[in-house]
1. Report the Rg/Rh value for region 1-149, based on alpha-carbon coordinates and the Kirkwood definition of Rh.
2. Between region 168-186 and region 68-110, what's the alpha-carbon centroid distance in Å?
3. Could you calculate the contour length gain from residue 186 to residue 215, that is, 0.36 nm times the residue separation minus the distance between their Cα atoms, to one decimal place in nm?
4. Mind checking which aspartates and glutamates have their Cα closer than 19 Å to the Cα of residue 104? Skip sequence neighbours fewer than 8 apart in that chain.
5. Which whole-number percent gives the relative contact order of region 124-228, counting Cα pairs below 8 Å spaced six or more residues apart?
6. Straight distance only, please: which lysines reach the Cα of residue 204 with their own Cα at less than 24 Å, same-chain residues fewer than 8 apart left out?
7. Taking the solvent-accessible surface of protein heavy atoms with a 1.4 Å probe, what is the per residue accessible area of region 1-69 in Å²?
8. Helix-only estimate, please: 222 nm mean residue ellipticity of the chain, summing -39500 (n - 2.57) across DSSP H runs of length 4 or more and dividing by its residues, to the nearest 500.
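The values are calculated or read from the model by the stated rules, or taken from the named source; none is laboratory data. Since the structure is predicted, the reported quantities are computational estimates derived from the model, not experimental observations. Backbone-built Cβ (ideal geometry, glycine too); neighbour counts: all protein chains shown. For the accessible areas, the whole protein counts, side chains as well, though only heavy atoms, and no ligand, DNA or RNA atoms are used. Shrake-Rupley method; radii C 1.70, N 1.55, O 1.52, S 1.80 Å.
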Amino acid sequence: LPCSVWASYTGNCGEETATGRNSDDIRARPKFADYRGSEIYIAHHTNASGTAGQGSGTEVFYDSTMTYQAHVANSLSLATNMHNNTLNTIREMYDSTFNNRGVKNSSGAYGEIRRPNRPAVLVELAFHDYCAKDALYLTDDFFRSVAMWGMYKGICAYFGTTPTYDRYSCDYVSDTIPSTMVEGESYTVSVTFRNRGVLWRDAKGFRLGAVGESDPFTAATRHIVSGD
């Protein structure tokens, strides 16, 4: 990448001796989005209250003071769609009481979403310093998959399109079922699917099942997935 992307603050394009490199880092993210021509910019963060256990829930920021004012209205629309769909999905699938911290205007506080030349938002998914709740959620692969599906749905809503894949969806990949079988013989077979939705977890009741819960050859119409 050109120096204008990764060293826009210090201008140091040579040896790694620059001071204030943290500003280069923050600027590099929106600069990279601009450089590659992304349609939107989303900063994914975890939150901190400064006082452990005092903060919980999801919030999404936009910036009314963006350098490129033409993107403010769409940034608010993106933030609203991202927040509502992420929070609603978490509440429906994981924790019905998860805190709604709302859509907020950063008013120039965060360079990441002030500088992009495109609609931009910053997602604060949960508080990593609330160790009794949010931090546990953030380390749970099922929570993360639920949150990410909610974000995906929010992005689709922003663009006015229907998600290609639902939260419970998959693609058939392959199987080893013989085309013919001999009566009375036993066969070991496999069926492989690619997950396109939230994480499949045995403890959450996900199973490989017969269509309509009916199979003329066996009473075992559902089979467990192993772990995650």
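1. Details: Rg = 16.7 Å, Rh = 16.4 Å.
Rounded to two decimals, Rg over Rh is 1.02.
2. With region 168-186 and region 68-110 each reduced to a Cα centre, they are spaced 44 Å.
3. Working: separation 29, 0.36 × 29 = 10.44 nm, distance 1.64 nm.
That pair, residue 186 and residue 215, stretches by 8.8 nm at full extension.
4. 59, 63, 112, 124
5. Details: 106 pairs, mean separation 22.2, N = 105.
Averaging sequence separation for qualifying contacts and normalising by length gives 21 percent for region 124-228.
6. By straight Cα distance, residue 204 reaches 133, 153.
7. Values: 3900 Å² over 69 residues.
On a per-residue basis, region 1-69 sits at 57 Å².
8. On the way: 6 runs with 70 residues, N = 228.
Here the helix-only value at 222 nm equals -9500 deg cm²/dmol.
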